[in-house]
Amino acid sequence: MARVTDMPESLAQPAVPARVNDYDSFAEAYSAETENNLVNAYYARPAMVALAGDVADRRVLDAGCGSGPLSAALRDRGALVTGIDASAGMLALARRRLGDDADLHVVDLGDRLPFADRAFDDVVASLVLHYLEDWGPTLAEIRRVLRPGGRLIASVDHPVVAYTFQDPRPDYFATTSYTFDWKFNGQPCPMRFWRKPLHAMIDAFTTAGFRISAVSEPQPDPAARELFPDGFRDLSTKPCFLFFVVEVPPPAAGSDD
């Protein structure tokens with residue numbers, strides 16, 4: 001699911017024990033916050049749609065679909081979209097957006113995906129993988145449900161940025177977590193993310209059997225220049241998210257795969 005625009009100034013541990021990443025507890029507020037803001041509506045989602053390209057009649061799994069804005073955008077372009085998310089609250093909002101007949105499932109990306117081998121042409125995972133310490137099992141499952149030649153289009157926190165959120169800065173070459181509070185309606189919502197160096201991300205994709213097709217650092221939608229004049233310059237001149245397109249290699253000639 002997509003990230004909120006701003007990181008808090010302090011990344012201290014939450015003051016009171018609470019479940020981290022509990023989107024059910026703030027689904028409505030989160031969806032409203034990210035619906036039309038600069039980072040999500042004019043940067044992350046348009047970039048994912050552009051990298052997906054022509055999706056007409058393609059079977060697309062939106063992994064971590066949240067309230068469904070990316071699913072809706074891809075469906076509007078002719079994709080046959082299935083959405084999964086760990087949050088039942090977010091999926092209720094997605095169903096409201098996409099309709100009662102939408103193909104939506106409560107699924108934790110740490111678990112086996114409830115789909116047949118080679119069920120999809122594409123998987124999109126927008127700002128999702130950085131919730132996971134170990135990408136390996138999830139990428140293996142994504143590869144399993146993709147057909148040969150299928151693509152995973154993913155975005156994550158840019159590692160250059162993720163390692164600057166803490167002082168003193170952590171070891172760039174280590175996979176480490178960081179926690180902070182998002183605030184919705186004045187209420188703190190504890191969150192935890194995992195940062196990885198770039199080489200670890202690439203290694204995770206290739207170890208899972210993917211071939212790197214593109215690594216992108218896109219610019220925000222030019223329409224945001226007038227809508228968000230202060231934030232646009234900052235977003236267009238500094239790293240924010242990193243986008244990947246990785247492919248399942250087609251079977252070798254003569255192979256039975």
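Odds and ends about this structure:
- Acute angle (nearest 10 degrees) that the helix 198-207 long axis makes with the longest principal axis of the chain, alpha-carbon atoms: 30 degrees
- Euclidean distance between Cα centres, the stretch 33-92 to the stretch 186-257, Å: 14 Å
- Assuming charge only on the beta carbon of Lys and Arg (+1) and of Asp and Glu (-1), the dipole of the stretch 24-140 about its Cα centre is about 280 debye to the nearest 20.
- The chain: angle of helix 136-145 to the longest principal axis, Cα-based, in degrees nearest 10: 40 degrees
- Along its principal axes, the stretch 168-257 has C-alpha extents of 59, 34, 27 angstrom, given from the largest down.
- Contour excess over end-to-end distance, with Cα ends at Arg147 and Val20 and 0.36 nm allotted per residue: 42.3 nm
- Fraction of the pair-distance distribution of the stretch 80-233 above 27 Å, Cα-Cα pairs, percent: 36 percent
- Net length gained if the chain between Asp134 and Ala92 were fully extended (0.36 nm per residue, minus Cα distance): 12.3 nm
- Stokes-Einstein diffusion for the chain, with the hydrodynamic radius set to the Kirkwood value over Cα pairs and evaluated at 10 °C in a medium of 1.306 mPa s, equals 84 µm²/s.
- Size-normalised alpha-carbon gyration radius of the stretch 44-134, reference 2.2 N^0.38 Å: 1.00
- For the chain, the longest principal axis of the alpha carbon atoms and the long axis of helix 88-98 meet at an angle near 70°.
Laboratory data are not the source of any read-out in this text; all were calculated from the coordinates shown. Please read all numbers here as calculations on a predicted model, not as lab measurements. Every residue, glycine among them, receives a Cβ derived from its backbone with ideal geometry; neighbour counts consider all protein chains shown.
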